[in-house]
């Protein structure tokens, strides 16, 4: 049955996608990598400078600042989303009659563009017309909430908006994980006299390790890629207070005409993501293979 | 350890009635098996004894005390689940000890009890392992260990052997029986496998569509089935059932059906009431066998007058063993026996014959029927005619 | 978790509902704020209370956002950019879904040596930071003559969506019994016939997932839009950002809010109509890797 046509038709069908990816993804990565080692400024040029751009990159306070912001933002984003998501998932797991209404409410922010989210929160957090103004108009005139304009606190506003957007999704993932636990195990624990909180702590949550890992990977990846939200919410400001690697790369490549450095920053971003994703995917695919065979 | 009483128990889910008017009793140390096809309510009943479902009507009492409204952990029960339900992130030892840990039993005492139970079930070498590293049979033992360590009044088993392969199932069945004999615990066991029911139980309750069909010892259930459902469900292959009529002939009452006419041995008062009416004859395959398996003189020819049987323990009077002739459709050797499937018109019958009976498919065969083992059922409601 | 027999509607239950309601408010608040303030005249917004209902209801901000607001240099409102987005999204979603389905089919039912590598590379492409391809893509689009065109954007979104659609279909088809394919082969069915007559008809759920995911991501994309689009092809999200971030003139917040909601409407509607599948699809891809 395996005549020659049959054996190369599937490959032929797969080929366009494969070639597209090979070129547009890996080819481009290589190209950008190469560019990062050239003296490109406004346009690509091919004077090889080795790791020069990288050295200059790490000397830039702008860059190290953006990395610091990413660290703060990323850590808080992942932590708060996970805790909040788990909390809401456990609550919703208690046979809530209104679950059909509540779950879509918690989840809908995911459907929005980061630009829309950024816009909404930008005004919400704006001292002139947002929360501060509103609370003051209610009578509490000394209320202050101008984090978005504050150099030190602005990055936390990005956290607030990002958590708002993504925590519902994390909740949905965890809820599915909670529900995936075999009901008999919980009944066995009830016979053993365990209280609900003990059942969650000792049995259900430890069983959810794979889901936690997936959530971490997805959130980490979103955090590193974050561009739209920062642009819409703060534009990187005030000053450079909320600059993250993604916005850094864009501004250095297209506005400041220092393409070589921009490319280098993109490569660093790539390495950060790959250092998390590649081991994760490898482990998943490997386990999947074992099961299949 | 106490005994279990279930009194007029009923359960409704919305408008569906899952259980209706169930009354059962288990003596201390007894082994009650709840058996029936899928959906008959046996698992629901077990869940209600355990406390995972509340009763719509009726009461459950353990050792004389009603358990209605009590949390499962307060009913002094233990349960072995079909899927074993072991805690995946804990070692075998921790699995067994979890209940004690929750109650605050100090570690050395826990250790001692875990070791005791592990010794009984022969799982000592597995104590440090995780469930994922165990085989099906090993997991089953750990599940039993977790139940044993609670030292409860009643053990509940929910189809514990369904997930094991055939060989292992037979081994574990024997183990459970031995354990019961050794420890003398009161057990309620749910299964859909009638062989398990027959081998393990001291009492069997056959359920169907939420109602108890019959409660009795395995012998009662097998040899004196209350109705056609019980007769069909227990025993493999299923009991032969032949529709026919009771008529009065010169030799007394006879059962008449396609290609057979059987003189009914007296006393047949119960059947006399059915004179001229339709009844169903029931006979198990092992009670319908080939001629070579019985003493020739003991056989009466059904077409002529009955013959006095020899006085060697056979029932005095007429026709304990009766010969009939059937058309053989299929012959199926199973190794230890051979099953013969016959078909005459609408009537099919299965006989269990010796391996060298010489019966061949497509031919007529003479089979011998043991009249003492026949049952008669009223076709309108399936009940057995006593 | 089962409610135990005898557990009554205790005080804890009311607390539970209260907490859940508070969080519902948290999630709904920004949307409410945008909605409510999009119907107010500008003076009311500056007045201070953003939570208050409009004293004077007006739909002027909406009509402005749609057809007359200043976006960049043109006072055209968001309408033309809405059209641009649609022209970009529809082909990209269709193409990436079709190719993803075929890829998933090949990768699960027509195994060959090295197919694991191909899948791994496709999968990995889902996670790259898009910044890494901006520079070369700009050049290539220029070389192809697609710079600043909608077709160029379609190509971009197609390529970077392939990884996801392939992942969805591959996971879905992996669970599809291979025996059915073998049986069809015995019957002499060809590669394409098997796909169209056996797999595709059963693919409803995953097609929905793939379409929703792609639609949402492509519609909401900003980075590619701002990097590769020209006035003629500028998508909605970029236009919205231009609208709200313009630093000149008076900030017409109410128009901004109306515009933001307009931009969010398509994906919100898609989500409301088929949200269950949305989440299920994400789980399938994420949780199972």
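Quick one: grab the alpha carbon gyration tensor of the stretch C:178-229, order the square roots of its eigenvalues as a ≥ b ≥ c, and give me rounded if a/c is under 1.5, else prolate or oblate depending on whether a/b is larger than b/c. It is prolate, given that a/c is not under 1.5 and a/b is the larger ratio. Each of residue C:197 and residue B:8 was given a label point 7 Å from its Cα along the Cα-to-Cβ line. The distance between the two points is 6.4 nm. Highest mean first, the peptides B:23-36, B:372-385 sorted by other C-beta atoms within 10 Å per residue fall in the order B:23-36, B:372-385. The Cα atoms of the stretch A:21-134 give a gyration tensor whose axes a ≥ b ≥ c have a/c of 1.5 or more with a/b greater than b/c, which makes the shape prolate.
Percent of C-alpha pairs per 5 Å bin in the stretch A:137-202, short distances first: 4, 12, 12, 11, 11, 10, 8, 9, 9, 7, 5, 1. Can you work out the base-10 log of I(q)/I(0) for the stretch A:5-64 at q = 0.24, 0.26, 0.27, 0.29 1/Å, using the Debye formula on its C-alpha atoms alone? Log10 I(q)/I(0), no solvent term: -0.97, -1.02, -1.05, -1.08. Shape call for the stretch B:19-171 from the C-alpha gyration tensor, a ≥ b ≥ c root eigenvalues: rounded (a/c under 1.5), prolate (a/b greater than b/c) or oblate? Here the stretch B:19-171 falls in the oblate category.
Over all Cα atoms in chain C, the spread is summed up by Rg and Dmax: 23.8, 76 Å.
Considering every residue in B:39-52, what mean count of other chain Cβ atoms within 10 Å of its Cβ is obtained?
Numbers: counts 0, 0, 0, 0, 0, 0, 0, 0, 1, 1, 0, 3, 6, 7.
That average works out to 1.
Please report, to two decimal places, log10 I(q)/I(0) for the stretch C:6-61 at q = 0.23, 0.27, 0.31 Å⁻¹ as given by the Debye formula with identical point scatterers on the Cα atoms and no solvent. One equal scatterer on each Cα of the stretch C:6-61 leads to -0.84, -1.00, -1.15.
Expressed in Å, the radius of gyration and Dmax of the Cα atoms of the stretch C:1-148 are 25.9, 73. For a quick check, take a GNM of chain C with Cα springs below 10 Å and name the residue from C:30, C:41, C:91 with the largest mean-square fluctuation. Of the options given, C:30 has the highest mean-square fluctuation. Placing a pseudo-label 7 Å from each Cα along the Cα-to-Cβ vector at residue B:59 and residue C:74 gives an inter-label distance of 8.4 nm. Computed from Cα positions, the angle between helix C:236-245 and the longest principal axis of chain C comes to roughly 30 degrees.
Compared with the dominant principal axis of the Cα atoms in chain C, helix C:150-174 is inclined by about 50°. Of the residues A:188, A:264, A:220, the one that moves most in a GNM of chain A with alpha-carbon contacts below 10 Å is A:188.
Highest mobility in the GNM of chain B, judged by mean-square fluctuation with C-alpha springs under 10 Å and restricted to B:265, B:237, B:106, is found for B:106. Going by alpha carbons, how many degrees (0 to 90, nearest 10) lie between the helix axis of B:166-183 and the longest principal axis of chain B? On a 0 to 90 degree scale, this one is about 70. Each of B:185, C:165 was scored by other Cβ atoms within 10 Å of its Cβ. Listed from fewest to most, they are B:185, C:165. For the protein assembly as shown, taking Cα atoms only, Rg and Dmax work out to 38.1, 122 Å respectively.
For the pair residue C:117 and residue C:276, label points projected 7 Å from Cα toward Cβ lie 4.3 nm apart.
How large is the Kirkwood hydrodynamic radius of the stretch A:53-209, in angstrom, based on all distinct alpha carbon pairs? About 18.7 Å, per the Kirkwood formula over Cα pairs.
Could you work out the mean count of beta carbons from other protein chains within 10 Å of each residue's beta carbon in A:26-33? Don't skip to the end; give the middle numbers.
Details: counts 5, 3, 10, 5, 1, 7, 7, 1.
The shielding value for this peptide is 5.
Viscosity 0.890 mPa s, temperature 25 °C: give me the Stokes-Einstein translational D for chain B in µm²/s, with Rh taken as the Kirkwood radius over C-alpha pairs.
Details: Rh = 23.7 Å.
My calculation gives 103 µm²/s for D.
Would you mind giving the mean number of other chain beta-carbons within 10 Å of the Cβ of each residue in A:193-205, as a whole number?
Working: counts 11, 7, 2, 2, 0, 3, 3, 1, 0, 7, 5, 2, 1.
For this peptide, the per-residue mean of nearby foreign Cβ atoms is 3.
If you take the beta carbon distance between residue A:41 and residue A:71 as r and set R0 to 25 Å, what does 1/(1 + (r/R0)^6) give as a FRET efficiency, to the nearest 0.05? FRET efficiency, residue A:41 to residue A:71: 0.30. Annotation for the stretch B:170-241 versus the stretch B:55-121: alpha-carbon center distance of 26 Å.
By the count of neighbouring beta-carbon atoms within 10 Å, fewest first, C:149, C:216, B:334 end up ordered B:334, C:149, C:216. The simple Förster model, with R0 at 60 Å and r as the Cβ-Cβ distance, assigns residue C:174 and residue B:269 a FRET efficiency of 0.30.
Any idea what the relative contact order of chain A is, in percent, if you count C-alpha pairs under 8 Å spaced at least 6 apart?
Working: 331 pairs, mean separation 86.4, N = 293.
Relative contact order here is 29 percent.
The stretch A:126-182 and the stretch C:207-251 have Cα centres lying 23 Å from one another. Per residue, the Cα convex hull of the stretch C:127-236 amounts to 129 Å³. Taking the square roots of 5 times each eigenvalue of the Cα gyration tensor of the stretch B:135-183, largest first, gives ellipsoid semi-axes of 19, 12, 9 Å.
Rounded to two decimal places and with Rh computed the Kirkwood way over Cα pairs, what is Rg over Rh for the stretch A:149-293? Write down the numbers at each step before the final one.
Numbers: Rg = 20.9 Å, Rh = 18.5 Å.
With Rg and the Kirkwood Rh in hand, the quotient comes to 1.13.
Per residue, the convex hull spanned by the Cα atoms of the stretch C:84-147 amounts to 125 cubic angstrom.
Both radii were evaluated on the Cα set of the stretch B:241-284; the Rg over Rh quotient, with Rh as the Kirkwood radius, amounts to 0.92.
Based on C-alpha pairs under 8 angstrom that are at least 6 apart in sequence, chain B has a relative contact order of 15 percent.
Each 5 Å bin from zero holds the following percent of Cα-Cα pairs in chain A: 1, 5, 9, 11, 12, 13, 12, 11, 9, 7, 5, 3, 1, 1, 0, 0, 0.
May I ask you to derive the FRET efficiency for residue A:97 and residue C:190 from their Cβ-Cβ distance with R0 = 51 Å, giving the value to the nearest 0.05? Can you show the working numbers first?
Values: r = 52 Å, r/R0 = 1.02.
Efficiency, from the Cβ-Cβ distance: 0.45.
List B:191, C:237, B:202 from most exposed to least, where exposure is judged by having the fewest other Cβ atoms within 10 Å. Provide the component values of the computation, followed by the final result.
Details: B:191 23, C:237 26, B:202 15.
Sorted ascending by nearby Cβ count, the order is B:202, B:191, C:237.
The Rg/Rh ratio of the stretch B:92-163, with Rg taken over Cα atoms and Rh as the Kirkwood radius over Cα pairs, comes to 0.95.
The Kirkwood hydrodynamic radius of the stretch B:152-285, based on inverse pair distances between different Cα atoms, is 17.5 Å.
A short reminder: the numbers here are calculations on the coordinates, not readings from a lab. Fair warning: this is a prediction, and the values are worked out from it, not measured in the lab. Note that each Cβ is placed from the backbone with ideal geometry, even for glycine, and that neighbours are counted across all protein chains shown.
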